[in-house]
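Structure first, commentary second.
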Amino acid sequence: MERRKPAAIDRATALRYMGASGWTPDTATAALLDKAEQTVLTAAAPRAVYRRLPRTALPLENCGSDLTRHLQGCDEVLLLAATLGAEVDKLLRRMELTDIALAAAADALASVLLEQVCDELENEIRAQIEAQGVFMTGRYAPGYGDCPLELNDALCLAADTVRGCGLAVTPQHLLTPRKSTTAILGIADHPVTGTRAGCATCHLKETCSFRKRGTTCFTQDR
């Protein structure tokens, strides 16, 4: 299904992804960000799909202790997948060959746009779920903590992401188009929070450039 594009991309988060958290861009950089944001918003065609299933519908037995903790107490799962579409991939590849600074800004802005699309959809689903008297965890994606990327294969098959939003999985268990994401959320008949994603469960924590600068890639309220 098609998703609405926000009027603007969260620039503060994009700057943090670019390693410039808290920095006020000068005139030239602001103009670069404006151009990158407009081109990304023009190229993006957000689509998403989700499906609610029994927890046993997915092969989760060998998907790591972190996902097990995240789904503790949950008898159902909600599978979610979203993409910005192939045109954003083409845009980024073209920029990488012609203007590396613009490409870096566009890449960060596209990542933030994808998060905004997912956040809006999750909020809509959460309202529907809670209206039914049940509860839902936050998003947890293959690749977080010790959850293997291979889970993308089963998740995308179960959610029918190719037909649902045009998202496929490569033989290396990566997603295509490039600016795409998958997630699994737990559903229970009692309040659940899941495992908060963060440095403790990130497989990049030892080499993370954010941590080297004394910060993180997560917002304070995430």
Problem - Test: residue in the stretch 162-176 that is part of a helix (DSSP H, G or I) and in contact with a Leu (Cβ under 8 Å, 6 or more places away or on another chain) - result: no
Completion exercise
Of the residues in the stretch 75-88 that are of a type in the set (D, E, K, R) and outside any loop (DSSP other than H, G, I, E, B), the one that is surrounded by the most Cβ atoms within 10 Å (Cβ to Cβ) is GLU76
Problem - Pair list, Cβ under 6 Å, 6 or more apart: the stretch 124-152 residue over 23 Å from ALA168 (Cβ atoms), other residue of a type in the set (Asp, Glu) and open to solvent by 20 Å² or more (accessible area, probe 1.4 Å) - result: VAL134/ASP189
Fill in the blank from the handout: Exactly one of LEU91, LEU97, LEU109, LEU114 is open to solvent by less than 10 Å² (accessible area, probe 1.4 Å), assigned to a helix (DSSP H, G or I) and of a type in the set (A, V, I, L, M, F, W, C), and that one is LEU109
Fill in the blank from the handout: Restricting attention to the stretch 157-179, the residues that are open to solvent by 10 Å² or more (accessible area, probe 1.4 Å), among the hydrophobic types (A, V, I, L, M, F, W, C) and within 19 Å of GLU122 (Cα to Cα) number exactly 1
Problem - Leading residue by the ranking (nearest to ALA159 (Cα to Cα)) among those in the stretch 41-53 that are touching an Asp or Glu at 6+ places or on another chain (Cβ under 7 Å) and open to solvent by 70 Å² or more (accessible area, probe 1.4 Å) - result: ARG52
Fill in the blank from the handout: Scanning the stretch 65-116 residue by residue, those within 15 Å of PRO142 (Cα to Cα) and touching a residue at least 24 places away in the same chain (Cβ under 8 Å) turn out to be SER65, ASP66, LEU67, ARG69, HIS70, LEU71, VAL77, LEU78, LEU79, LEU80, ALA81, ALA82
Practice task
Starting from residues that are within 19 Å of ARG178 (Cα to Cα) and of a type in the set (Gly, Ala, Ser), keep the ones in the stretch 1-40 and report whichever is surrounded by the most Cβ atoms within 10 Å (Cβ to Cβ).
Solution key: ALA36
Exercise for the section: Check THR170 against each of (1) modelled with pLDDT under 95; (2) more than 22 Å from VAL134 (Cβ to Cβ) and name the one condition it does not meet. Expected result: (1)
Practice task
For PRO59, indicate whether it is open to solvent by 20 Å² or more (accessible area, probe 1.4 Å) and of a type outside the set (Phe, Trp, Tyr).
Solution key: yes
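The values are calculated or read from the model by the stated rules, or taken from the named source; none is laboratory data. Since the structure is predicted, the reported quantities are computational estimates derived from the model, not experimental observations. Note that we place each Cβ from the backbone using ideal geometry, even for glycine, and neighbour counts take in every protein chain shown. Ligands, DNA and RNA are stripped out before the accessible areas are found, and what is left, the full protein with its side chains, is counted by its heavy atoms. Shrake-Rupley method; radii C 1.70, N 1.55, O 1.52, S 1.80 Å.
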